[in-house]
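The values are calculated or read from the model by the stated rules, or taken from the named source; none is laboratory data. All figures in this text were calculated on a predicted structure; none of them were measured in a lab. Counting neighbours? That spans all protein chains shown, and the Cβs are built from the backbone with ideal geometry, glycine included.
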Amino acid sequence: MNEKEQLNMIIGNNIKRIRQNKGVTQEQLGDSIGVSGQAVSKWENGSALPDIQVLPKLADYFGISIDELMGYKLNALTYKEQFVKFMLGNGILQIGEFDLKGGQKKNYYLNSEKFTTNAQIAKIGEYFADCIRENGIQYDVIVGLAYHGIAFSTATSCSLFQKYGVTTDFCFDRKVSDSRGRKICGHTLIDGEKIIIVDDLITTGKTLCERIDRLKEQADIDVVAVIVIANLVNEEARKKGLGENMLEERYGTKVYSIITDKDINDYLNS
C-alpha cells in the first residue's frame, strides 16, 4: 500500500468510527456537509478522499481539528482531552492549590460560574448531547437543576435537535416556587416518564438526592441517568456509599460524566 492509499484508509476509518460513534448514517452526514451519502461511503472504504474544501466542514461537524481527522491525534471518540482544553481555555478550569469543602485539597478548581457566553453554553450543551447519544440513553425528558441546569438543559435540548435531529421535552426546577406555587418550568412531568438530569458537578450526591426527591413530589418519574460535567466523587465517599453508589441504590439511576478527576489529572500531568 502506497502513502496515498494509507492516508485514504486512515481518514476513511476515522470518519467511519466517529460517524458511527455519533449515531448518524452516511446519508445524514452527507446532508449536513453538502455531499451525497455515496461520497461518504467512498471516503470510508478508502477509495476517495474528501475535497480540501470539505475537510473543514467535516472537522467542524465532528467537533475536532483537521489534524485529528487525519489521524495525527484522534481523541474525538472520548472527547475528554478536548473538553479539558476547552475548560482551560475559557477559565472554567483553574490550576493551582485550592482548599475545597470538607478540608479537601485540589491542584485545580472547576468553576462552572464561568459559563457566561452563548458560545460556552452552546458547547457544553453539545458535550451533554454527545454523551447522551454515545451511551444510547433512552429517555423522555431532559431536566436541569437550578441554577446551572437551567442553561444546561436548554442548551442540551437545542444541541440534540440541531446536531442529531432529535426533538425532546425539557424543563428545569425552581429552588423557590413562583406566585402560583409552580416548581417546574417548561414541560410538566408525567408519571412514568424517563428523565435525564443534567448538572455541573457531583461530589457526594447528597444534594442531587434532595433535588430528585423534590422532582418526584411532582410526578412518579424514573430517573434513568444523571449527567454531570465532572464526577469528583473520591474513593472515601464511595466507601461510605455516597456518590454514584447512593444514586444507583436509591433510584436505580446511572451517573455519567463528561470528565472525571482522573481525566483532569491525566491531562495536567501529560
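Being among the hydroxyl-bearing types (Ser, Thr, Tyr), in the same structural domain as Ser157 (by TED's automatic domain parsing) and either free of Cβ contacts under 8 Å to residues at least 60 places away in the same chain or in contact with a helix residue (DSSP H, G or I) (Cβ under 8 Å, 6 or more places away or on another chain) (or both) narrows it down to one residue among Tyr267, Tyr256; which is it?
Tyr256
Given the options Leu247, Leu201, Leu189, Leu160, name the one that is touching a Leu at 6+ places or on another chain (Cβ under 9 Å) and in a helix (DSSP H, G or I).
Sole residue among the options that is touching a Leu at 6+ places or on another chain (Cβ under 9 Å) and in a helix (DSSP H, G or I): Leu247.
What do you reckon, is Phe172 in contact (Cβ under 8 Å) with a residue 12 or more places away in the chain and either part of a loop (DSSP other than H, G, I, E, B) or not aliphatic (A, V, I, L, M) (or both)?
yes
Please indicate, with yes or no, whether at least one residue in region 117-133 is surrounded by 15 or more Cβ atoms within 10 Å (Cβ to Cβ), under 13 Å from Asp200 (Cα atoms), touching a strand residue (DSSP E or B) at 6+ places or on another chain (Cβ under 6 Å) and not hydroxyl-bearing (Ser, Thr, Tyr).
Yes, that holds for at least one residue.
Looking at region 39-60 only, could you name the residues that are part of a helix (DSSP H, G or I), surrounded by fewer than 18 Cβ atoms within 10 Å (Cβ to Cβ) and in contact (Cβ under 8 Å) with a residue 12 or more places away in the chain?
Ser41, Leu55, Lys57
Consider region 102-155. How many of its residues are part of a strand (DSSP E or B), hydrophobic (A, V, I, L, M, F, W, C) and farther than 16 Å from Lys194 by Cβ?
The qualifying residues number 1.
With respect to Ile227, determine if the residue is under 29 Å from Gln120 (Cβ atoms), in the same structural domain as Ile142 (by TED's automatic domain parsing) and assigned to a strand (DSSP E or B).
Taking the combined requirement at face value, the residue satisfies it.
Please specify each residue of region 179-196 satisfying the condition of being closer than 17 Å to Gln138 by Cβ and either loosely packed, with under 13 Cβ neighbours inside 10 Å or not assigned by TED's automatic domain parsing to the domain that holds Leu145 (or both).
Passing the criteria: only Gly192.
Could you list all residues from region 209-232 that are of a type in the set (Gly, Ala, Ser) and under 13 Å from Ile190 (Cβ atoms)? Give the steps one after another, and end with the answer.
As a first pass, look at region 209-232 and keep what is of a type in the set (Gly, Ala, Ser): 219, 225, 230.
Correct list: Ala219 only.
Return yes or no: is Phe172 touching a Cys at 6+ places or on another chain (Cβ under 8 Å), under 26 Å from Asp130 (Cβ atoms) and assigned by TED's automatic domain parsing to the domain that holds Asn135?
yes
Pull up region 222-238, narrow it to residues that are farther than 15 Å from Thr260 by Cα and touching a residue at least 60 places away in the same chain (Cβ under 8 Å), then point me to the one that is surrounded by the most Cβ atoms within 10 Å (Cβ to Cβ).
This residue is Ala225.
Considering only residues of region 239-270 that are among the polar types (S, T, N, Q) and surrounded by 13 or more Cβ atoms within 10 Å (Cβ to Cβ), which is nearest to Lys85 (Cα to Cα)? Outline the logic, then answer.
At the first step, the residues of region 239-270 found to be among the polar types (S, T, N, Q) are 245, 253, 257, 260, 265, 269-270.
If we keep only those that are surrounded by 13 or more Cβ atoms within 10 Å (Cβ to Cβ) too, we end up with 245, 253, 257, 260, 265.
On the way: Asn245: 29, Thr253: 29, Ser257: 16, Thr260: 14, Asn265: 12 Å.
Top of the filtered list is Asn265.
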